[in-house]
Amino acid sequence: MIGWFLFPQILAIFAPKADNNPSISYGNHLLIKTNSNTAKESAIAAIAQGDHQEAEQLLQKSLAQRPNDPESVIYLSNLQTGSNPFKIAVVVPATTNPNVAQEILRGVASAQTQINQQGGINGRKLMVIVVNDDNQPQISKEVASELVKNPDIIAVIGHNAPDASAAPIYEKGGLLMISSTSPANNLSSAGNYIFRLVASKSNITEKLANYIVNTAKVQKIAFCYDSQAPDNVSFKDELMANVAKKGGQIVPIVCDLSVPNFKADQALNQAISGGANGLFVVAHVDRLDPVFEVIRFNRQRLPLFSSPTFYNIRILEDGGKNVQGLTVAVPWHPSLNQTFANLMQEQWRSPVSWRTVTSFDATRVIIAGLRENPQRHGLQFRLRSGNFHRTEATGKISFDPNTGDRIGQPVLIQVRSTPSGEQFVPLP
């Protein structure tokens with residue numbers, strides 16, 4: 001059992017200011033409120049008060065009710081780390097997109113639980129600090145600054161939104177940041193301390209464009225996107241350039257999902273009357289509602305294409321039969337490692353997402369680096385060395401020493417109708 005004697009060691013994770021920051025939690029703040037219950041809330045209150053034995057019992061009770069809650073799994077594991085653990089942080093959009101946040105946390109929680117049950121990293125267990133930035137650039141900068149100032153934090157997994165990476169802060173502060181979900185090009189060559197576990201946007205758009213023009217035989221394609229989402233704009237621009245480079249044509253329509261009183265039917269009519277025989281659709285991960293209007297009015301008339309943002313359960317649930325044929329280039333699919341996918345599904349009582357698996361692997365990469373060098377600079381040097389190689393759930397992992405990007409290619413998946421409903425399946 002965890003007694004009161006561990007409280008000063010856990011409390012020392014942060015300076016008083018950060019310890020009271022409701023966006024940063026080792027278990028003393030509730031960040032994901034959509035998956036809570038009385039036992040969990042009481043456990044967090046007990047942690048904040050230093051009663052860790054009571055907190056441990058309450059978290060176990062909470063998990064008996066909701067076993068797929070990764071926040072509770074992490075906080076429970078934190079209580080069991082003992083003295084002098086390694087400390088890493090994971091940054092998620094806990095309020096604005098709790099589903100994505102939990103997908104990321106499930107991967108980190110699985111890796112943390114696994115290594116701690118094995119005795120830790122060279123005898124030191126792993127503590128995970130959960131941080132909320134709500135995919136907001138200003139909040140991400142604020143929490144990144146606090147993490148950099150804390151010498152006990154040795155690495156950060158995140159951030160989720162491309163425009164909220166806070167990469168310059170981590171680079172200047174010498175704190176390793178590894179993104180497990182963002183394909184943004186601005187992470188390439190962002191600094192020696194910045195890494196990316198998923199394929200870059202350049203690789204994703206090149207592969208998708210090649211499929212659109214050369215396999216799907218779409219000669220003319222229209223684009224719908226959210227102009228207020230920088231990652232939408234950059235992905236759209238890069239895909240347009242790749243489509244044109246491969247001989248495809250762009251149908252010029254006005255289909256901006258962010259404008260007031262957006263009219264999906266008008267945009268679709270413009271695309272079809274302009275000769276489009278394909279449609280690219282994308283929206284900010286926290287603002288998906290307008291895109292479902294486009295999908296509904298399309299009624300499968302034009303084949304659909306999108307970014308990795310659309311590889312999530314809500315697209316299937318809300319899109320239904322209208323998203324059949326949707327093709328996306330993504331970092332990972334369960335069929336690439338079905339054994340691991342089955343284990344994760346059994347643990348979390350739900351299908352595993354790519355964000356869960358890439359976040360698991362990001363944590364495993366940090367663990368592997370810490371085994372060889374347990375310091376901030378040493379960890380960064382090891383991963384950047386050019387001879388760092390790992391085989392994890394997503395396959396072989398190594399990083400380009402010049403850019404920090406993972407070396408590898410995305411995979412193509414498509415929504416198909418199955419006996420259990422619409423599902424993403426890999427393309428040959």
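The values are calculated or read from the model by the stated rules, or taken from the named source; none is laboratory data. Note that the structure is a prediction, hence the values are computed from the model and not measured. As a convention, Cβ positions derive from the backbone with ideal geometry for all residues, glycine included, and neighbour counts pool all protein chains shown. Just so you know, the surface numbers come from the protein's heavy atoms only, side chains and all, with ligands and any DNA or RNA stripped out. Shrake-Rupley method; radii C 1.70, N 1.55, O 1.52, S 1.80 Å.
It is to be established whether one or more residues within the range 207-222 are closer than 24 Å to W354 by Cβ, assigned to a loop (DSSP other than H, G, I, E, B) and either open to solvent by 10 Å² or more (accessible area, probe 1.4 Å) or among the aliphatic types (A, V, I, L, M) (or both). Steps first, please.
In the first step, residues of the range 207-222 are kept if they are closer than 24 Å to W354 by Cβ; the result is 207-212, 215-216.
Filter again for assigned to a loop (DSSP other than H, G, I, E, B), leaving 216.
Then drop every residue that is not either open to solvent by 10 Å² or more (accessible area, probe 1.4 Å) or among the aliphatic types (A, V, I, L, M) (or both), which leaves 216.
Yes, the range 207-222 contains at least one residue that is closer than 24 Å to W354 by Cβ, assigned to a loop (DSSP other than H, G, I, E, B) and either open to solvent by 10 Å² or more (accessible area, probe 1.4 Å) or among the aliphatic types (A, V, I, L, M) (or both).
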Verdict on E146 being open to solvent by 10 Å² or more (accessible area, probe 1.4 Å) and outside the structural domain of F381 (by the TED database) | no
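Suppose we keep only residues that are among the β-branched types (V, I, T) and assigned to a loop (DSSP other than H, G, I, E, B) within the range 382-414. Which one would you say is farthest from the chain's Cα centre (by Cα)?
We begin by selecting, within the range 382-414, every residue among the β-branched types (V, I, T); these are 391, 394, 397, 403, 407, 411, 413.
Among the residues that remain, those that are also assigned to a loop (DSSP other than H, G, I, E, B) are: 394, 403, 407.
Numbers: T394: 14, T403: 20, I407: 18 Å.
The qualifying residue farthest from the chain's Cα centre (by Cα) is T403.
Scan S359, S350 and give me the residue that is part of a helix (DSSP H, G or I) and touching a residue at least 24 places away in the same chain (Cβ under 8 Å).
On the way: S350 fails: part of a helix (DSSP H, G or I).
Just a single option satisfies the conditions, and that option is S359.
Hey, which of the helices (runs of 4 or more DSSP H) in the range 1-90, taking only ones fully inside, have at least 3 residues that are of a type in the set (A, V, I, L, M, F, W, C) and modelled with pLDDT under 95?
Per the criteria, 7-11.
Against the condition among the small types (G, A, S) and either crowded, with 22+ Cβ neighbours inside 10 Å or touching a residue at least 60 places away in the same chain (Cβ under 8 Å) (or both), how does G378 come out, does it pass?
Details: among the small types (G, A, S): yes; either crowded, with 22+ Cβ neighbours inside 10 Å or touching a residue at least 60 places away in the same chain (Cβ under 8 Å) (or both): no.
The answer is no for G378.
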Would you tally the residues in the range 31-65 being open to solvent by 40 Å² or more (accessible area, probe 1.4 Å) and not β-branched (V, I, T)?
-> 14
Residue pairs within 6 Å by beta carbon, gap of at least six or interchain, first lying in the range 105-120 and at pLDDT 95 or above, second open to solvent by 10 Å² or more (accessible area, probe 1.4 Å) and among the β-branched types (V, I, T), listed first then second, are A109/V73
Pairs, please: C-beta under 9 Å, at least 6 apart or cross-chain, first residue assigned by the TED database to the domain that holds V357 and under 16 Å from V92 (Cβ atoms) and in the range 178-196, second among the β-branched types (V, I, T) and part of a loop (DSSP other than H, G, I, E, B)?
-> S179/V198; S180/V198; T181/V198; S182/V198
Residues of the range 182-206 being under 16 Å from A144 (Cβ atoms), open to solvent by 10 Å² or more (accessible area, probe 1.4 Å) and part of a loop (DSSP other than H, G, I, E, B), which ones?
-> A190, G191, Y193
Is it the case that the range 228-240 has a residue that's assigned to a helix (DSSP H, G or I), aliphatic (A, V, I, L, M) and surrounded by fewer than 18 Cβ atoms within 10 Å (Cβ to Cβ)?
-> yes
Scanning the range 121-143 residue by residue, those more than 12 Å from N78 (Cα to Cα), open to solvent by less than 10 Å² (accessible area, probe 1.4 Å) and not in a helix (DSSP H, G or I) turn out to be I121, V131, D133, N135
